[in-house]
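Okay, so here's the structure we're looking at.
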Amino acid sequence: MTPFRYLAPTSIGAAIDALKASGGTAKLLGGGTDLLMALRARRYAASVVVDTKRIPELSGVNVRADGSFRIGAATPCSVVAADPALSAAWPGVAESANLIGSVQVRNRATLAGNLCNASPAADSVPALIAAGAVAVVAGPGGERRLAVEQVTTGPGTTALAPDEMLVAFELPAPAPRSGSAYLRLTPRTEMDIAIVGCGIALTLAADGTIAAARMALGAVAPTALPVPEAAGVLVGRRLDDAALKALDAVARAACRPITDKRGTSAYRIRGAGVLARRAAILAASRAEAQP
Amino acid sequence: MTFLGGQTGQRVVGTRPIRPDGVDKVTGRAIYGADARLPNMLEGRIKRSPHPHARILRIDASRALALEGVKAVVTSDDFVDLPAQEVAAGDGSMDFRSLSLNLMARGKVLYEGHPVAAVAATTGQIAEEALDLIDVEYEALPHVIDIEAAMASGAPVLHDDLFTAGVTPRPEKPSNVAKRIVFAQGDVVAGFAEADVVAEGRYTTEPVHQGYIEPHACVASWNADGQSLIISSSQGAFMVRAYTAKLLGLEIADIRSVPAELGGGFGGKTTVYLEPVALALSRRAGRPVRLVMSREEVFRASGPTSGSVAEVKLGARRDGTIVAAELVFKLQAGAFPGSPVALSGMCALAMYDIPNVLITGYDVVSNRPKVAAYRAPGAPIGSFGTESTMDELARKLGMDPLELREKNGAREGTRTAYGVVHRDIGFLETVRAAKEHPHYRAPLGPNQGRGVAAGFWFNIGGESSAAVNINEDGTASVISPNPDVGGSRASLGMIAAEVLGLPAEKVRTVVGDTASVPYSDMTGGSRVTFSIGTCMVGAAEKVVEQLKQRAAMLWGISPDAVEWKDGAAVPAGPNAGGFEPLPLAEIAAKAGATGGPIGATYSTKVQGAGAGFGVHICDAEVDRETGQVRIVRYTAVQDVGRAIHPSYVEGQIQGGVAQGIGWALNEEYIYGPDGKLQNPGFLDYRVPVASDLPMIEAVMVEVPNPRAPFGLRGVGETPIVPPTPAIANAIRAAIGKRLCSLPMSPPKVVEALDGAGG
Ligand SMILES: Cc1cc2nc3c(=O)[nH]c(=O)nc-3n(C[C@H](O)[C@H](O)[C@H](O)COP(=O)(O)OP(=O)(O)OC[C@H]3O[C@@H](n4cnc5c(N)ncnc54)[C@H](O)[C@@H]3O)c2cc1C
């Protein structure tokens, strides 16, 4: 690891100033569970590391009056996963945060870091996309909002300028009779990287058919992959065998995976179909349990 | 926990005192190799080859040496250019030339990660920078990773002085096949002619790493008078001393080797990678040097065990009598000869009484890190193919798989294919205990299958020592010369306590350094509790003799008239005199007045190790859509002779099974076409995590080994032998398909299922 300066600003403005002053050589620090590994392995270097955890606006999970959520970018995953309101409204997001690493890792790791590290296998990202989450980005010129699926542009790259930072995620209030789920496929039960991940959110109509569906897959393309075709095959239908079969097919068709040490392309494609079905069944059962 | 058999009459042996090393380990106070610090210490780093196979044209360290803070650079020039010389080591043998060349490449690099130079600097940061400033010019050579590709004619040859041993006439050309071994008994052609049923298969396994938590680490100090101190974590301080002396051309008496707490070894620390390098750096720098491997270095350059190909053929009569067996093993040795192929061959069938056997083995080098011992080296490789084939044979015969094993089981006097005749073994008792275990008849859930497998490990003795010292207050300090890998401090202290008649907590065991206790072979082969225990009994008995003499002196009677009972001297009979028992503490308090300190050492070459047999029952559940395998229940039955500290014995059994489950399901080395390892870390080299494992039930059968203290047998290695075939057999039962290639990872299970049209 090459030496760097460590800064811990206490306001968003000070953090942006530090990023600007570094001329693009600074790195933001959330939990550091990706960043420190990369710096140690000398995958990249940083002249300055700007800690985001001392900025009060970046911490905490807040429900607004309208039932929507604001999750501070630097909130540790263990806090996200344990939040009762979020777990009730968006269980898929909570369970994805709860899958990242171990207890120790989750006590440090953040959703912003998970997204901005830009790994195609990041667990929380498909769940956030399925929830329709928006990333709030601050920069020298103020704030802008990006759909989560627009934040990453490829493995290791994001749409953020060097002097921008993610400050929060905003999640809408779920419609009545909605449920969500995130499942991942790993050889080990824990402490593993998804070979495939699938986040899904479903809303049921009064007649038990599906009124709305959002699905996204992880680890099967250079970035987390929204699968709009899922809505196409599910909306207006019950989640019966035929619908599940169709969902399996659109999930597989959407995949553009690589073969690497973590899994073959064929295995990933097969897994995407399986997880899509299983996640849909889980999400639907959660939706049905809603009043 | 379950005991079957069992003995009584002992007060300490067989109980479960609190482990003596536990608190320090869980509170972070234990001093491991990387924790050692000496004044003015430098930090070392090793420069490693980026090529799997290349000629070294030039090494130029001048830019590194010019960097502020760099104090020394060493290359192969700093080590003795040794001739080939094979010596016994642990479970097998080793060659000093290979050891030296593996430690620091000379002329050629043979695997990615092969050390080419090392640097010492005032900080780790500077040492790391200096690595980039050591200029090495290579001429890349074609490489070979796969074992059968390495055996093929036309393969890139690693060593042009390597001619296959064990074939006549001696080959004219060098090759990557270092050795061919054969074990034969009876006549296999005639044997198979007698067979009504034949089962056969081809099996492959991948190299797997020992996976110890603590990376290799040491501190070495070359003192101004030419004497040296080494503090390191290894499986033998005497081994470190001897190997370092040899590689650097030093006298053994000039090195003091101090063992640090050991954070796991599993055989992987029965050799040196760092100590001679650190000492060579210290010799140049005139200051102590610390070397600590990163996890990545551990994976790239310290020993896994071999990957393998096995061809297995078994023939039986209709009634289940096995009449012939023919096995071929090809084992990867890594970059230098020395795979455990002979041990694979010996252990594969040692559980059975088979009249006609032919076992052939090949030791094959390729551009991978040199293999090192791993828990029962070679035996799990032997058992995967044979015990999978045994399962197929049982299916073809329509016979219960445990009954097949019982029917053919080795017993008193059975002659093994490698010539040794079994004595005082407990294999049949172990099979029967497995058959009678409720697990064997428990109902299975959907998508679940049950498999069984047996395994064997020799266990060894060897040159050994121990010291017992009585303290002034009546406690005892005992010294083991062997680093404690699995709880030997507890069991050795208990053995001494038993003989002395003291409670376990009045005896403290330390692992001594090479200056504090006589020589001992290293920790390996499940030998320590047996061998050092034998010496501990010897030393404690000598101490008891002294205690009796001191009591006799205090009482003014003949030493022959004193007996030792429950930790006190007592008169041998009414004629000896009417003395009250004289407890050890009272004799110790008066030691100064009766002749001085009381203590003894005992050294011998220990023989008569009792073989270990295990029979495992495994239930596996297969997710037919994803190919994921979950081990839902596991029972490991083992003949342990006598469990000195049962909790540690259970721990050994459970640990062996846990490693076997990793080997079976997910652990593997992944190489790209560039010959570079792609998964040098615990994220992608998947050892099981706690939630991957069921509670593993250890069933201890106690068939005493009459040549060991309290009847004990080594227990540490046997439990890793049966798991891979037990799991393969369970998967076979669950999905109707046999997996013949480890690891049985989800993609392979899916492939097997799809092959079935699933
Ligand atoms: C043992 C272990 C297990 C793991 N297991 C998993 C797993 O199961 N699933 C999984 O998905 N990941 C896993 N990870 C990876 C990692 O923990 C997660 O990606 C985590 O969410 C990263 O968050 P962080 O806060 O630690 O990020 P950091 O390491 O702090 O940052 C990661 C990247 O995001 C950038 N960044 C951080 N905060 C911001 C911000 N506010 N705005 C813009 N950019 C920012 C950083 O500059 C850096 O480039 C594991 C890691 C480890 C070490």
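The values are calculated or read from the model by the stated rules, or taken from the named source; none is laboratory data. Quick caveat: nothing in here was measured; it's all calculated off a predicted structure. FYI the Cβ positions are ideal-geometry reconstructions off the backbone, even for glycines, and counts take in every protein chain you see. Keep in mind that these areas ignore ligands, DNA and RNA; they rest on the heavy atoms of the full protein, side chains included. Shrake-Rupley method; radii C 1.70, N 1.55, O 1.52, S 1.80 Å.
Here is how the numbers come out for the structure above:
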quantity	calculated
Buried area at the A-B interface (accessible, heavy atoms, 1.4 Å probe, summed, Å²)	2100 Å²
Label point at residue A:102 placed 7 Å out along Cα→Cβ; residues across region B:21-61 whose backbone nitrogen lies under 15 Å	B:26-28
Å² per residue, accessible surface of chain A at 1.4 Å	40 Å²
Cα-centred dipole magnitude for region A:5-51, charges only on beta-carbon of K, R (+1) and D, E (-1), debye, nearest 20	240 debye
Column: log10 I(q)/I(0), Debye, Cα scatterers of region A:5-51, q = 0.14, 0.31 Å⁻¹	-0.31, -1.17
Among B:430, B:474, B:510 - extreme Cα towards positive end, dipole of chain B, charges at beta-carbon	B:474
Euclidean distance between Cα centres, region B:642-677 to region A:116-179, Å	41 Å
Fluctuation leader among A:244, A:128, A:202 - chain A, Gaussian network, Cα springs under 10 angstrom	A:244
Measure of compaction for chain A (Cα Rg per 2.2 N^0.38 Å)	0.99
Estimated inter-spin distance, residue A:150 and residue A:170, nm [label 7 Å along Cα→Cβ]	1.2 nm
Accessible surface, per residue, of chain B when the full set of protein chains is kept, probe 1.4 Å, Å²	36 Å²
Within the accessible area of region A:5-51 (1.4 Å probe), percent carbon and sulfur	54 percent
Residues in region B:605-634 that, when all protein chains are in place, have 50 Å² or more less accessible area than the chain alone would give (probe 1.4 Å)	B:625, B:626, B:628
Cross-link pairs beyond the 29 Å C-alpha cut-off, checked among B:396/B:435; B:370/B:748; B:25/B:47; B:173/B:330; B:269/B:506; B:71/B:108	B:25/B:47; B:269/B:506
Sites residue B:436 and residue B:516, calculated FRET efficiency, Cβ-Cβ separation with R0 41 Å, nearest 0.05	0.30
Centre separation in Å (Cα based) which lies between region B:231-281 and region B:490-521	23 Å
Bins of 20 Å from zero: percent of alpha-carbon pairs in the protein assembly as shown	12, 36, 36, 14, 2, 0
Range of Cα positions in region B:28-179 per principal axis (Å), largest first	58, 38, 29
Selected from B:520, A:200, B:641, residue furthest toward positive end of dipole (the protein assembly as shown; charges at beta carbon)	A:200
Computed [θ] at 222 nm, helices only, for chain B once each DSSP H run of length n ≥ 4 contributes -39500 (n - 2.57)	-8000 deg cm²/dmol
Net dipole in debye of region B:377-416 [+1 Lys, Arg Cβ; -1 Asp, Glu Cβ; about Cα centre; nearest 20]	140 debye
Computed label-point distance, nm, for sites residue A:246 and residue B:180 using a 7 Å Cα→Cβ extension	6.5 nm
Diffusion coefficient, µm² s⁻¹, Stokes-Einstein with Kirkwood Rh over alpha-carbon pairs of region B:395-554 at 4 °C and 1.567 mPa s	67 µm²/s
From phi via Karplus (6.51, -1.76, 1.60), per-residue ³J(HN,Hα) for region B:341-352 in Hz, x at Gly/Pro	4, 5, 5, 4, x, 5, 7, 4, 10, 5, 7, 10
Average silhouette area of region B:282-360, convex hull of alpha-carbon atoms, in square nanometres	8.6 nm²
Region A:178-288: translational diffusion in µm²/s, Stokes-Einstein, Kirkwood Rh over Cα pairs, 20 °C, 1.002 mPa s	156 µm²/s
Cβ-Cβ FRET estimate between residue B:579 and residue B:604, R0 fixed at 25 Å, reported to 0.05	0.15
Distance histogram in 5 Å bins (all Cα pairs of region B:684-758, percent per bin)	3, 11, 16, 18, 15, 11, 9, 7, 5, 3, 1, 0
Accessible carbon and sulfur surface of region A:178-288 relative to its total accessible area, %, 1.4 Å	57 percent
Helix-derived mean residue ellipticity, 222 nm - over chain A, DSSP H n ≥ 4, -39500 (n - 2.57), to 500	-9500 deg cm²/dmol
Column: log10 I(q)/I(0), Debye, Cα scatterers of region A:93-217, q = 0.10, 0.21 Å⁻¹	-0.34, -1.21
Reachable lysines from residue A:53, criterion Cα separation under 29 angstrom, eight or more residues apart if same chain	A:20, A:27
Cross-link partners of residue B:542 among aspartates and glutamates (Cα-Cα below 15 Å; sequence separation of 8 or more within a chain)	B:498, B:560, B:563
Inter-label distance, nm, simple model (7 Å from Cα along the C-beta direction), residue A:36/residue B:566	5.7 nm
FRET efficiency, 1/(1 + (r/R0)^6) with R0 45 Å, evaluated for residue B:40 and residue A:44 via beta carbons	0.85
Portion, in percent, of the accessible area of region B:631-745 that falls on carbon or sulfur, probe 1.4 Å	58 percent
Point-charge dipole on Cβ atoms (K/R +1, D/E -1) for region A:178-288, about Cα centre, debye to 20	320 debye
Distance from region B:340-389 to region A:190-244 (C-alpha centre basis), Å	49 Å
Per residue Cα convex hull volume in Å³ - calculated over chain B	170 Å³
